[in-house]
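First comes the structure, then the notes that go with it.
What follows is calculated from the coordinates using simple rules that are stated; it is not laboratory data. Note that the structure is a prediction, hence the values are computed from the model and not measured. Neighbour counts run over all protein chains shown; Cβ positions are idealised from the backbone, glycine included.
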Amino acid sequence: MFPRISHFSLRYKLAFLSLVPVLFSLVVVGGVMDLLARQFHNNRAREHMAASFATLENALKNVEQGQRDTLASFFGREDIIASFNMIDRYQTIEDYQAKVFDPEKKRLAAELSQQARPASNDLIAAYDGRGNLISFALKQNGHTWLGIISYQDGEPVYYMARGRENPWTRAKSLPERLSGNLSLNSLETARSSETLLGTPRYRTLPDGFCIQTLKRISRRLPDNSERVVGYLKLAKRMDRSFIDALRQKADIKLGIFHGEALVMGSLLGLEYLPEIGQASPLSMRGNPENIHWPEHSDYFLHAHALPLEQGNLFLVVGVEKAELHYKINETRIAILVVLLISASLVIPLSMLYANKTIAKPLRHLMRHSEALRNGEYQEAVTVDSGDEIALLANSFNTMSLALRQREAEIRAHHAHLEQRVWEEVNKRQQQERLLIQQSKLAALGEMIGNVAHQWRQPLNALAVNIQDIGDAYDFDELNREYLDESIASSMALIQRMSTTIDDFRNFFRPDKEAREFLVTEALEDALSVIGASLKNNGIALRTQVEESPPIRGFPNEYAQVLLNILSNAKDAFHAKLCQAPTISVRVDTSPEGRARVVIQDNAGGIPEDILDKIFEPYFTTKSDAEGTGIGLYMSKMIIEKNMRGSIRAANHGDGAQFTLDV
Amino acid sequence: MDTKQQFKSLSVVYAEDETEMRESVARLLRRRVGSLYLAANGEECLNLVRDHRPDMILTDLEMPKMGGLEMIQHIRREFGDNILIIVLTAYKDQAHFTSLADAYVYKPMDTAELFTLMARFSSEET
């Protein structure tokens, strides 16, 4: 069978085929648009930041200026920490560090102790230009402690005195509140010192940050030269509102670094710090543990150096990428929507086009094809699309035309064949009729021959008897006695001839019903018909009769079979002209207990190549006049179909042997 | 034609296997020939010929044990053409088998024809 076919599958295939490039190009266009949108948004973010930075820079400059302007007023205020770094006679900070015990530090510590308010436990410290603790004053339980720190090979050495008049002694450690905050060159120290500056008197500092600045302290020397003897460091604590103001102004998030320490901010990603480091002469690092990093945050960052006298103050600002992504996503969704709309327009259009240019002509062709299948030759298909389908239509038309011609030829041929067949059948029927007629005639001739043989002898005898009457008269022998004898003899002969007629009539009368009989009875009947013919043809007949079981069937049919085989044997001798022609008939019982009759002749046998054909109908070796090829076929039918027996032919010795088992 | 023709000098052997035929023909022959010997088949006939050296043989062709043809061949071989042989047969088409015979009478037999033949042969003999 043909596979199940949907009429619409082609349309979908074509649509699918067109869908692939459409989708591909949409993806490409989408990708390019996405890229452009991203670039656009990146640029916009950068521009936005640049604008924000300009604003921010102005704001910070103003902050710095204002700070400088009000520097003098900072002294004595609680939110301002001032520290003095006294360098004295040393030119460089490195030289200054080498000194272990410096009278300037003592003097500085005494100054600090005067600044410390007596009423409370107060600590006030001084640092050098790098933020190292150098001296401090501590009021505790009504006592004033002075302290200085010197450094030997990078390790701090502490000296403390109880009050200004008491001697200085080396201390094992600093007071607890300062403990752990000292280690030269360590980042922790740097940060802690800033924190110390930013948290005057160790009060808990509210959320905010410090902006500090340094001022050189110079002295005029006798040689009229001037040298820096110390630094005054000022730090102003700024509260959160300052950052918020900046943030709002610039519309960006920011962090503020000083030196290597993050002093304010909440946004920075560690991975952006190297980038910031490249942008400034200072390296910047924050301690991730002390900074609250927003989770999964991602920023476009920019570092901005705010120049201060003491060093650059760095502002690191950023725009959250998520915001950018959100905008990019918005654009992407817009792009996707546009693409989907165009796709949803393109696909039905392409389907429509495919349907019009391909599926429709194909359906048109299909209808013609179906018509052709049904044997309707329509007019030529017209497809003027000028493409392969038009070619297909042309090809179809050619095929249709060729088919039409072929069909006409086949019809003609068919009619001719039919005529021939009819003629042949007729001829065959005629031949068959003729054959049947011939076989009837042949049977009749056979019978007449047999009758002739049977009658010839008594006829001869009768002829002689009649002529003898005249002869007897001539020789005076004709008396009553002679006549009686002659009449009796003649009547006997006539009676014999009459019996022959009865025998023949009985033999060919069809059996009314099956009955039990002995094969010897049938053999006698057959021999009564053909015996004389055999004898007259000089064919010796030898019969050997053993005991055989009675069989059931039609005795005449069976006798006819025997007659047929005997008759064939007789004809075989007639054709062969052999010496001492003999037919042997043996009746006995087969090993299976059937009645067996074996008829054998010495007429040379049946040629091996036709041995398996002799039972086929119309097979004969005889000429038309002599045989029809029906005899053995009928014999086989009678024995095997009617009597459920078997008939076999074989060559045995110098003749044919037929064996009948019933 | 003389219907009472007699050939009393002739010695004849007659071979015929059918008893009735043999007896009927024998009755006709006895009235005319000198001596008549009857045989039921070719073998008997041959023995009679060997014993009695007849002048003439009348024989059927189809006979059991030894057919007429075989018997005639034997006789010609043993006795040459000295013995006249007349074949009595129903089969005209079998005549060519017996070119060795001198004459043929076809059955049903016309006795007059047979006697004419016998007369001719007996006169030739004498």
Too long for a 26 Å Cα-Cα cut-off, among A:Lys427/A:Lys570; A:Lys440/A:Lys641; A:Lys512/A:Lys570; A:Lys570/A:Lys636; A:Lys427/A:Lys512, are A:Lys427/A:Lys570; A:Lys512/A:Lys570; A:Lys427/A:Lys512
HN-Hα couplings for region B:100-116 via Karplus (6.51, -1.76, 1.60; θ = phi - 60°), in whole Hz with x for Gly/Pro, come out as 6, 7, 8, 7, 10, 10, 8, 7, x, 6, 8, 4, 5, 4, 4, 5, 4
Between A:Arg515 and A:Glu608, Cβ-based FRET efficiency (R0 51 Å, step 0.05) works out to 0.85
Under the rule rounded for a/c under 1.5, else prolate if a/b exceeds b/c, else oblate, using alpha carbon gyration tensor axes a ≥ b ≥ c, chain B is classed as rounded
Sorted by chain and number, the residues with a modelled amide H under 5 Å from that of B:Ala15, at a separation of 5 or more or across chains, are B:Ala39, B:Leu58, B:Thr59, B:Asp60
In debye to the nearest 20, the charge dipole size for region B:1-72, taken about the Cα centre with +1 at each Lys and Arg Cβ and -1 at each Asp and Glu Cβ, equals 540
Yeah, region A:568-662 with a ≥ b ≥ c from its alpha-carbon gyration tensor (a/c under 1.5 is rounded, else prolate when a/b outruns b/c, oblate otherwise) is oblate
Sorted on mean Cβ neighbours within 10 Å (highest first), peptides A:645-656, A:472-483 come out as A:645-656, A:472-483
Simple SL model, points at 7 angstrom along Cα→Cβ for A:Lys622 and B:Asn82; separation in nm is 4.7
Here the gain from full extension of A:Trp168 to A:Asn394, 0.36 nm per residue of separation minus their alpha-carbon distance, amounts to 69.2 nm
Each label sits 7 Å from Cα toward the beta-carbon; between A:Phe16 and B:Asp102 the label points are separated, in nm, by 11.6
Phi-derived 3J(HN,Hα) across region A:642-658 with the Karplus relation (6.51, -1.76, 1.60, θ = phi - 60°), rounded Hz, x for Gly and Pro, is 7, 10, 6, x, 9, 10, 10, 10, 8, 9, 9, x, 10, x, 8, 9, 10
In nm², the average projected area of the convex hull spanned by the Cα atoms of region A:434-480 is 4.3
Everything considered on the Cα gyration tensor (a ≥ b ≥ c; rounded for a/c under 1.5, else prolate if a/b is larger than b/c, else oblate), region A:554-594 must be described as oblate
Note: region A:336-423, point scatterers on Cα, Debye, no solvent; log10 I/I(0) at q = 0.17 Å⁻¹ equals -0.79
Karplus-derived 3J(HN,Hα) from phi for region B:33-50 (6.51 cos²θ - 1.76 cosθ + 1.60, θ = phi - 60°), whole Hz, x at Gly and Pro, runs 8, x, 9, 10, 10, 10, 10, 8, 7, x, 5, 4, 4, 4, 4, 5, 5, 4
Averaged over the residues of B:111-120, the number of partner chain Cβ atoms within 10 Å of each residue's own Cβ comes to 1
Normalised Cα Rg of region A:381-474, dividing by 2.2 N^0.38 Å with N its residue count, works out at 3.07
For A:Val545, other-chain or 5+-apart residues with amide H closer than 5 Å (H placed, Pro excluded) are A:Val587
If R0 = 51 Å, then A:Thr499 and A:Trp422, at their Cβ-Cβ distance, give a FRET efficiency to the nearest 0.05 of 0.50
Here the gain from full extension of A:Ile448 to A:Gln140, 0.36 nm per residue of separation minus their alpha-carbon distance, amounts to 93.5 nm
Given backbone amide H placed at 1.01 Å from N, residues whose amide H is under 5 Å from that of A:Ala603, ignoring those fewer than 5 places away on the same chain, are A:Ala656
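Suppose R0 equals 56 Å. What FRET efficiency, 1/(1 + (r/R0)^6) with r the Cβ-Cβ distance, do A:Arg406 and B:Thr19 give to the nearest 0.05? Before the final figure, lay out the partial values.
Details: r = 84 Å, r/R0 = 1.49.
Given R0 = 56 Å and the Cβ-Cβ separation, E is 0.10.
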Among GluC sites (Glu not before Pro) in region A:502-603, those in a DSSP loop whose Cβ has at most 11 other Cβ atoms within 10 Å are A:Glu513, A:Glu546, A:Glu547, A:Glu592
